[in-house]
Amino acid sequence: MSVRNAAAGLPGPGRDEDTTLLFERAHYRHDPCWLLPVPPRVCLACMVELLPEPCVSLVRKKHVLSCFRDALLRHASLVMQLVAQDQRICIHFISTLFGLLCNVEDGSVTDLCIEVLIQLTTQLKLEQIIHCLLDECHKELCNMPSMRGSLATLTLLGKLVDAIPPLADKLVMEHSDLMEHLLRGLVYPNEGVQASVCYLYGKLYSSPVAAEILLGHFREKLCPLFLFTLDGAQTKELQINCLGLLRQLLKYDLFVSVIMNKSVLADSTEDVEGLPGETSLPLVLKKPEEIKLFTSSAMCRDAGRALQEAVSSPVLEVAAEAVKAISAFLRKDHQSVPPVQYRELRALLEAMLSRCADFSQTPLNRRPLGHASSRDSEKSILRRGKFLLSTLEGFRNACRLAVEFQSEPSAQENPFTAPSAEKEDTLEDFSEFLLTACDSLCIPMVMRHSEQATHPNLMEVFLSILHSLFVIAPHMKEKFSKKLASSSFIRLTLELKARFRNSLSHSALNQVCSNFLYCMSLNLLSAPEKTGPPSQEELSVASAFLQQGLPQISSRSPESLAFLSDRQYVEGTARQRQYSTLLLFYLAYIHEDRFVSEAELFVAVQSFLLSLQDQGERPPLVVFRASIYLLAICQDKDGALDESVVSAIRKFLEDIPDLHLVYTHHPLLLRFFLSYPELMSRFGHRVLELWFSWEESSYEELDDVPSAGQSPLPASLTALFRMLRSSPSILLILLDLIYSSPVDTARKVVIVLRTFLRKNEDVEVSGLIRGHFLLILQQLLMEHGASPSGASGNLPLLLSLLSLVQLKNTSEQELDSMAMKLLHQVSKLCGKCGPADVDILQPAFNFLYWSLHQTTPSSQKRAAAVLLSSTALIELLEKTLVLTWTKGASPSTTLLCSAWLLTASFSAQQHDGSLQVHQKLSVELDQVLKVLSFPKKKAALLSAAILCFLRTALQQNFSSALVALVPSGPQPPPASENTVLAPLRISQVLSLVIGLQNLLVQKDPLLSYACVGCLEALLDYLHARSPDIAFHVVSQPWNRFLLFTLLDAGESSFLRPEILRFMTLLVRFQSSSVLGHEEVGHVLQAAALADLSTLSNNTRQALHGFLLQVQSMGLLADHTTAHTLQASLEGLTLSSSSTQPPLDMLCLGGVAVSLSHIRD
């Protein structure tokens, strides 16, 4: 050899060299340049001579190769320099390695040879080396009589193409006859050889160029052999390599088409001798369970991805076979290797469902005429049904998989997920996906298909899926059941049972339907709509009769109704069937699926109840609840129950501990109970209480009067109002409810009644309400006379309703005896309360105030006499008024307003009618004046109420027999100028005037009325005692500034009634320095030009008064203007007298107010 010649005469090996790595008898002749300079000290020349030497043991050869492999890994650059010194030596060395590879049978040695050859080839990157190796492989395979020794060569080729992908194209184009030898290897009865062939094919078909060249080879020769190998693969290595090749083939539509065509036509073709008749892809996934097809999650993932690509193929046959394969793939023994790839399974199911949805939505090829088009359409529908069935079977297997994994803790979630990561790859997430996918894809697809054809096998699989989802997602089973029920699934399932009842072959469908209805019914009963949750005992009873009765139901709706109407003796089994039928109708109706005639069902349920009564039976609560609900829903407006049925219902109800056990919230059920006197008298109170407790809306927005007039009423309220109009006696029950129900319920009732009274002005119910309220109040005072505030927390609500009833009487009416009794009882109630009982006193004060002001003068006098006779009420008012200025007190501003207005009203009525006073009321005058001089913020109504009281006192010259205005403490002797004004002092008068001016600047309409009225009374009081002081007060310069401030509000601001009255006051007291002749003339001219028809009556009256005052004072410069203005005002006054009077009684911030009382 050239190496030996080149190394002749060289010294032997050194002492430190590993002698096992050197060929001793030849190494001394080798040039040191072939020796690796670092450990392991291998000599390339020695390896070339040692490896083919038959006398050297295989163990030593393996050791030398292993050390060389280590050197390649640790010192790649040095080894490459060593090998690349001489290309002839390098080629010879590779040939030597290949020869060793082909001649040894030890697998570990062949693995070493292949590893070293691949490393050398890929790192040297010499074209000649690669050609040499390919030629050696080609020659070896061609000269091999049998494929028995081809394993090493085939493995080397596969690894070589894997390491250098461009070799795939070179191998196919320059060594095409190798394909025949690969086919020989695929049929050789050795799975190791078959695995190496599949591995090499997989690498070849990974190149698009090579794949295109090999298409004919695959179609004509490789495909059937590959499918046969795929079906019969036993070893893990062959399985993996087959799936790898399959995955590469599935990337190309043409190959997929070939595979599936071969699979479909396998029954009629036997091209390859020895192949079985059936060669379909799903068979790969049907070995016995004890054989683990996928021994790692990675293998399972790769198989899933291959199936995902296949099912997404546009070729229908390919997708159909892939769906069958997925169905077999979704089996626990295939997926049980942890961690379970839930995310991959989800992606696979999404692809399968998406492909099925696409196919189901493809339009049918319909031709206009002929029987052929009809047959084609039927075939298309049948083909779609088969594809959908296969898809549903796959989805059912996924559901079964989720159920089976629920009992395995290791399958709950991926144990390798980081604790902080979002755990999406879990069984819980996968279960929720199954529910969502079924809801959004499976159900719509089945419903669309069922419109064209109904296949019992398909529906059996479909309903079993729905049934399993109740177990898979238990936290969603109630919500899912409600959605199914509202989508007519009770009707659908009953129709299936009736349609296929006569065939024994469909007994499984009947059982699946029964199981589905059983679970869905219990789910719906456990989370009921508009009724209370049943007890465990009720559910157990329902479960028992449903289990017995549902399998017996197999008739259509008319037959079921006839069976339900049977009045003959009904035995236990038949009764359970009746219970089940009735309950299904109830659940369907309550979810708006009314597939049974209402009139026929109405009659059937009556017969059913009478049958129970005849046999002395008591229906289960859940059945009786269903019966009552169906009767209420199905009852026609003009129809009515027979008296015998009403009597039977009452007897059944009387045996029930509480009505809530059979109550279902619905307007028609309320109407049902209130339509029959026998039921209303016994159960009306409780059913109305249940009604309001179940009403979800708080109705607070209805209590807002402006918005209540704009927004439509809820349907439930509209129905209730219709009942109230037809039967006003129901109002009495509602009043009892306000008094006796929980506060939340009572508040709802009050708001509803307020709304009813506002929107039904034509319904006269005040007498009815007042009479019943009087009875309630008398009973309350009798039972809780000492402390009525503790009698019921709902008493304020009743009083507020009573106030509203009083306010509803817009016209002045005489107070009858009942009204007087109510006044007496309410005043008596107030007298037993303290100022802290605001909740009771506020509505009570409102009622008393409105009663005084919303009646005729003669009735006012009688009402005032009744109220003044209550010494406790007068004492209460005095205690309440003191809180206005008491330090540390935090009284209710609204209660103070009502107290001041009531006191002013009482004082005026007593003074005008000279009524008897039983208790005098004391008020500190200087505190009143102080409050007005320094008013509280945001208390305009309180200031107006106090001004109303002070105006009354001034008008009475502080001589009221009821009200005593006293000083706060000891007072110094009055000065001479103060004696004439007593009890006022001049300083108090000036301070009061400043306070009134400041209040007027706020420009609050109601407060301005009160200020002007008080100022009028004050000036009258001053003028009667000292005209000079009155003139001095009116002529203050500040009044002119105040007037122009008020007039600055706009162009027509002078036409506001309070400003006109203020100007009238200035003219009356001849305050020309504040309002001169010229300003008066401007006001009259502007008024003459204004559109007087748009003014309110109050404004016209104020303008008319101003005009008369100007005339009486002789201040008119233009009499024509004045006469024209007066004529216009008189004409408008006459025309307005026939119109409806303006609204006078108001409720402002919870305070009863009479505008005329504040204004006049």
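Below, the figures for the structure above:
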{"quantity": "Dipole axis of the chain (+1 Lys, Arg; -1 Asp, Glu on Cβ), positive-most option in Thr573, Ser960, Ser1035", "calculated": "Ser960"}
{"quantity": "About the Cα centre, charge dipole magnitude for segment 786-917 (Lys/Arg +1, Asp/Glu -1 at Cβ), debye", "calculated": "140 debye"}
{"quantity": "Per-residue ³J(HN,Hα) for segment 839-850, Karplus 6.51 cos²θ - 1.76 cosθ + 1.60, θ = phi - 60°, Hz, x for Gly and Pro", "calculated": "4, 8, 5, 4, x, 5, 4, 4, 4, 4, 5, 5"}
{"quantity": "Computed over segment 434-588, Kirkwood Rh from alpha-carbon pairs, angstrom", "calculated": "16.2 Å"}
{"quantity": "Relative contact order [Cα under 8 Å, 6+ residues apart], the chain, whole percent", "calculated": "4 percent"}
{"quantity": "Computed magnitude of the charge dipole of the chain (debye, nearest 20; Cβ of K, R +1, Cβ of D, E -1)", "calculated": "1000 debye"}
{"quantity": "Semi-axis lengths (Å, descending) of the ellipsoid that matches the C-alpha gyration tensor of segment 27-260", "calculated": "36, 18, 15"}
{"quantity": "Rounded to 10°, Cα long-axis angle of helix 87-103 versus longest principal axis of the chain", "calculated": "90 degrees"}
{"quantity": "Where the chain is the region considered: accessible area per residue in Å², 1.4 Å probe", "calculated": "44 Å²"}
{"quantity": "222 nm mean residue ellipticity, helices alone, for the chain (DSSP H n ≥ 4; -39,500 (n - 2.57); rounded to 500)", "calculated": "-20500 deg cm²/dmol"}
{"quantity": "Leu1148 long-range amide H proximity, modeled H, under 5 Å", "calculated": "Val1153"}
{"quantity": "Between 0 and 90°, nearest 10: helix 58-74 axis offset from the chain longest Cα axis", "calculated": "40 degrees"}
{"quantity": "Square roots of 5 times each gyration tensor eigenvalue, C-alpha, segment 564-641, largest first, Å", "calculated": "20, 14, 11"}
{"quantity": "For the chain, convex hull volume per residue from C-alpha positions, Å³", "calculated": "353 Å³"}
{"quantity": "Calculated P(r) of segment 897-1047 - Cα pairs past 21 Å, %", "calculated": "45 percent"}
{"quantity": "Residue (of Leu802, Leu848, Ser892) at the positive-pole extreme of segment 786-917, dipole from beta-carbon charges", "calculated": "Ser892"}
{"quantity": "Where only C-alpha atoms are counted, convex hull volume of segment 786-917 per residue in Å³", "calculated": "104 Å³"}
{"quantity": "Burial order of peptide ranges 342-353, 990-1001 (average beta-carbon count within 10 Å, highest first)", "calculated": "342-353, 990-1001"}
{"quantity": "Value of Rg/Rh across segment 459-521 [Cα atoms, Kirkwood radius]", "calculated": "0.98"}
{"quantity": "Unsatisfied cross-links (Cα-Cα over 30 Å) in the set Lys748/Lys832; Lys61/Lys170; Lys332/Lys477; Lys651/Lys821; Lys287/Lys379", "calculated": "Lys61/Lys170; Lys651/Lys821; Lys287/Lys379"}
{"quantity": "Share of carbon and sulfur in the accessible heavy-atom surface of the chain [1.4 Å probe, %]", "calculated": "53 percent"}
{"quantity": "P(r) histogram, all alpha-carbon pairs of segment 120-243 included - 10 Å bins from 0, percent", "calculated": "13, 47, 34, 6, 0"}
{"quantity": "Distant-in-sequence amide H partners of Val923 (H built 1.01 Å from N, under 5 Å)", "calculated": "Ala964, Leu965, Val966"}
{"quantity": "Angle in degrees between helix 253-264 and the longest Cα principal axis of the chain, rounded to the nearest 10", "calculated": "80 degrees"}
{"quantity": "Farthest toward positive dipole pole in the chain [+1 Lys/Arg, -1 Asp/Glu at C-beta], among Leu641, Val1012, Leu434", "calculated": "Val1012"}
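The values are calculated or read from the model by the stated rules, or taken from the named source; none is laboratory data. Given the structure is predicted, the values throughout are model-derived calculations rather than measurements. No Cβ is skipped: glycine too gets one built from the backbone with ideal geometry, and neighbour counts run over all protein chains shown. For accessibility, only protein heavy atoms count, side chains too; no ligands or nucleic acids. Shrake-Rupley method; radii C 1.70, N 1.55, O 1.52, S 1.80 Å.
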